[in-house]
Amino acid sequence: MQNYETVIGLEIHAQLLAESKMFCSCSTKFGNQPNINICPVCTGQPGVLPVMNKKALDFAIKTGLALHCKIAPHSIFARKHYFYPDLPKNFQISQYELPIAENGYLEIEVNGNIKKVRINRVHLEEDAGKLVHKGSDRIMGADYSLVDLNRTGVPLMEIVTEPDMHSPEEAKVFMAELRKIVRYLDVCDGNMEEGSLRCDANISLRPAGETKLGKKTEVKNMNSFKIVQKALELEVERQTKVLTEGGTIIQETRHYDETSNSTISLRTKEAEMDYRYFPEPDLIPIKTDQKWIDGIKNTLPELPIEKLKRFVSSYQLPVASAEVLTLERDLSDFFEEAVKIHNNPKIMANWVVGNLMGYMNFNNLTIKQLKIGPKHIADLVSLIDKNTITGNSAKDVLAKMLEAGKSAHDIVSESGMTQLNDESSLLPTIQRAISANPKSVEDYKKGKENAIMHLVGQVMRETKGRANPEVVKKMLREEMNK
């Protein structure tokens, strides 16, 4: 049986966080009533002229720099012609021959190995509208379709990779890393469910050892990382079966169908000549000087992979903790602000990654939606480090902090959760635990060291977790060794 190599290239469309559309002043707000965010420009009425959104251009340059691309000193827009009900002009203003950024790369880590995926280009374009299918959520099987042009003209940034990925897992990891970057840059919210980050994949198979690319298909309708990997795995299986049986791959567009868990053919794939590209006559060329580029470069934040490496080296954090803390820029900023207030990064990371993120995930909240800030969590860890409260008590304190938005000090004072360290006050409880558990005492005296932990647990239970466990352990030994 012939062995085949998978070859994957991605085309990612990121909706930019601009308040107005690419070539007009209409709102880009998601979720409005159909056909509200429209005007003569974005609906292609006769006699109108487009005006470029400079903020969108700045975002594209910023992204290109983050992806190590060369920013073009001279760039133009083009008309890309195709005919579809949600494209009122019958062409899309995009970039073709002279995109804003080219020849970059993004490094990803897959199974412990670093892989460099080349970026072919980053370019700007306007989005098309949206068809709303009635009687089915897919065009196939729908009774009829309605057109919503609110999305028409929304600024998009397309990021095109070279065919450098060789497994669906690599494609998934690339998408996840790219999403982190555009969110760190604050150029796209990365919400795949709402369509503000969309992925199309070009996938082909070729005999192992072959260098020539095979016939590709384009897979659409992938709105989550999990689905990106699943849809591409299914397409690898399908193409392998076709080739193994002596068939030929048809160059076509397919989409992932969740109901049948398969990829389904939509249409034959257009070639570049079918789009009849030519320069957009109503928009002047873009000229970017070095001063403009340097100004944008100075606004670049520390990117996720750089921040992860620094968290591991500077704070001595486990890689797993650093990966979680750097998933979102706001989360990593929260952690670092807390560490500045109380310098115990390892313990701070444990509380943020474990307890705090557990609460956020359960309640579907972001770090900015919490009632507490970095100072709150820093003060909590400080109280633990000072032995003012125990680790167990701290969990209760944090729960009340998250509910009320109060400081750890206030909650400890109000609730009487201060850790018990005074030996004279703890002695009666120690003696009761020893008297009530003769078997554990006997086991301890026989050399079974773990037996003491049962006694510690009894004391902690009676003191409702307020006793200092190290003091308790010390006192138990002293009493049992008399």
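Going through segment 419-453 one residue at a time, which ones are touching a Lys or Arg at 6+ places or on another chain (Cβ under 9 Å) and not in a helix (DSSP H, G or I)?
Gln419, Leu420, listed by residue number.
Which members of segment 41-80 meet the condition of being closer than 15 Å to Phe91 by Cα and of a type in the set (Ser, Thr, Tyr)?
Thr43
For segment 454-482, give me each residue that is of a type outside the set (A, V, I, L, M, F, W, C) and under 10 Å from Ala433 (Cβ atoms).
His454, Gly457, Gln458, Arg461, Glu462, Glu479
Taking segment 99-127, which residues are surrounded by fewer than 18 Cβ atoms within 10 Å (Cβ to Cβ) and assigned to a loop (DSSP other than H, G, I, E, B)?
Asn111, Gly112
Any idea which of (1) buried (at least 18 other Cβ atoms within 10 Å of the Cβ); (2) outside any helix (DSSP H, G or I) is the one Lys172 doesn't satisfy?
Answer for Lys172: the failing condition is (2).
Select from segment 58-96 the residues that are among the hydrophobic types (A, V, I, L, M, F, W, C) and either within 20 Å of Asn150 (Cβ to Cβ) or not in a loop (DSSP other than H, G, I, E, B) (or both) and list them in ascending order.
Phe59, Ala60, Ile61, Leu65, Ala66, Ile71, Ala78, Leu87, Phe91, Ile93
Working only within segment 1-30, note down all residues that are out of contact with any strand residue (DSSP E or B) (no Cβ under 8 Å at 6 or more places or on another chain), exposed (fewer than 14 other Cβ atoms within 10 Å of the Cβ) and either in contact (Cβ under 8 Å) with a residue 12 or more places away in the chain or under 29 Å from Asp294 (Cα atoms) (or both). Talk me through it step by step, then tell me what you get.
Taking segment 1-30 as the starting set, the residues that turn out to be out of contact with any strand residue (DSSP E or B) (no Cβ under 8 Å at 6 or more places or on another chain) are 1, 17, 24-25, 29-30.
Okay, now just the ones that are also exposed (fewer than 14 other Cβ atoms within 10 Å of the Cβ), so 1, 25, 29.
Listed by number, the residues that qualify are Met1, Ser25.
Consider segment 191-223. How many of its residues are under 17 Å from Gln251 (Cα atoms), in a strand (DSSP E or B) and not polar (S, T, N, Q)?
Looking only at that region, the number is 8.
Could you check how many residues of segment 7-25 are of a type in the set (D, E, K, R) and not in a loop (DSSP other than H, G, I, E, B)?
1
State all residues of segment 457-467 that are buried (at least 19 other Cβ atoms within 10 Å of the Cβ) and assigned to a helix (DSSP H, G or I); if no residue qualifies, say none.
Residues satisfying the conditions are Gln458, Val459, Met460.
Scan Ala378, Ala436, Ala451, Ala404 and give me the residue that is within 17 Å of Trp351 (Cβ to Cβ) and either without any contact (Cβ under 8 Å) to a residue 12 or more places away in the chain or small (Gly, Ala, Ser) (or both).
Sole residue among the options that is within 17 Å of Trp351 (Cβ to Cβ) and either without any contact (Cβ under 8 Å) to a residue 12 or more places away in the chain or small (Gly, Ala, Ser) (or both): Ala378.
Rule-based calculations on the coordinates, nothing more; no lab input. This one's a predicted model, so the numbers in the text were calculated from it and none came from an experiment. So basically every Cβ, Gly included, is an ideal-geometry build from the backbone, and we count neighbours across all protein chains shown.
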